[in-house]
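The values are calculated or read from the model by the stated rules, or taken from the named source; none is laboratory data. Just so we're clear, the structure is a prediction, and the values are computed from it rather than from any experiment. So basically every Cβ, Gly included, is an ideal-geometry build from the backbone, and we count neighbours across all protein chains shown.
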Amino acid sequence: MSATEIAFNLFVGHLYVFILAAFLGLSIITRVSPMLHTPLMSLTNAISAISVVAAIEIAGKQETRLATILGTIAVAMAFCNVVGGFMITDRMLKMFKKREPAAAKK
């Protein structure tokens, strides 16, 4: 096998895993009840935090310029995902808090 064939086989293998993960994730997420949304969101934020660490490692290796650029983009996107996820989770948790009567606030 040539180096091109090996690289192509690796790419196809990674693409296959990505597609399976996407379908599995979509099928799991669509079956989650609304009451479990906030805990699930917190869990996915933790998973995104792991992807931030992996992206930092890829960007930090500096093997090739393309890998460094893609790693940096991955760090930025995963970080935005984590921050946005925590903002949404915080907003949803505020919806479940009991509101104080107006007379008690004064």
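Filtering region 49-64 to residues that are at pLDDT 75 or above and assigned to a helix (DSSP H, G or I) leaves Ile50, Ser51, Val52, Val53, Ala54, Ala55, Ile56, Glu57, Ile58, Ala59, Gly60, Lys61. It is to be established whether one or more residues within region 65-75 are surrounded by fewer than 11 Cβ atoms within 10 Å (Cβ to Cβ) and either at pLDDT below 75 or assigned to a helix (DSSP H, G or I) (or both). Yes: one or more hits.
I'd like to know if region 94-102 contains one or more residues that are part of a helix (DSSP H, G or I) and at pLDDT 80 or above. There is at least one residue in region 94-102 that is part of a helix (DSSP H, G or I) and at pLDDT 80 or above.
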